[in-house]
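Laboratory data are not the source of any read-out in this text; all were calculated from the coordinates shown. These numbers come from a predicted model, not from an experiment. Cβ sites come from the backbone with ideal geometry, for glycine too, and all protein chains shown count toward neighbours.
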Amino acid sequence: MKTDSSLLLYNKYYSLTNKEIEVELKNKTKWRGKFLGYFRGEKNYISKWQLVDIDVLFGSDNFGFLMGRIIVHKDIVKIFFFQDNSIMIL
């Protein structure tokens, strides 16, 4: 059975105290911030992540719209964790 990389990422990320990360996508785009939320998947534990700027406290604006970016988990190539300077390649 294939290891669920979204669950590994979830466990690693939520064990950190410094939540700042840099996410690199398949199209070579890099985003810096923190995960504020996620969408549960049917096949994988997490199907999408909500990435926001590091200083954002709440995930929605005054009108109820989600802030930041929604990133599909399978589009993530690697994540750099600033707390321990480690890289997770997915």
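Okay, here's what the table says:
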item	result
The chain: most fluctuating residue of 63, 39, 80 per GNM, C-alpha cutoff 10 Å	63
Karplus-derived 3J(HN,Hα), 6.51/-1.76/1.60, for each residue of region 6-12, Hz, glycine and proline x	5, 6, 4, 5, 4, 5, 5
Selection of trypsin sites (Lys or Arg not before Pro), region 10-90, meeting DSSP coil and at most 15 other Cβ within 10 Å	19, 26, 28, 43
Lys pairs, the chain - Cα-Cα below 19 angstrom, 8 or more residues apart or on other chains	29
Normalised contact order of region 5-89, rounded percent, pairs of Cα under 8 Å and 6 or more residues apart	31 percent
Cα-based equivalent ellipsoid, the chain: semi-axes from gyration tensor eigenvalues, Å	20, 16, 13
Max mean-square fluctuation residue, GNM over the chain, Cα-Cα springs under 10 Å, options 75, 61, 53	61
Long-range amide H partners of residue 38 with built H, under 5 Å	50
Vicinal HN-Hα couplings computed from phi for region 46-55 (Karplus, 6.51 cos²θ - 1.76 cosθ + 1.60; Hz; Gly/Pro x)	10, 9, 9, 10, 9, 9, 10, 4, 5, 8
Charge sum, other residues only, whose C-beta stays under 14 Å from residue 59's C-beta, Lys/Arg counted +1 and Asp/Glu -1	+1
Extreme residue, positive dipole direction of the chain, given options 52, 18, 88 (C-beta unit charges)	88
Phi-based couplings in Hz for region 28-43 (Karplus 6.51, -1.76, 1.60; Gly and Pro marked x)	6, 6, 10, 10, 10, x, 9, 7, 10, x, 7, 10, 5, x, 8, 8
Charge dipole (debye, nearest 20) of region 5-89; +1 at Cβ of Lys and Arg, -1 at Cβ of Asp and Glu	340 debye
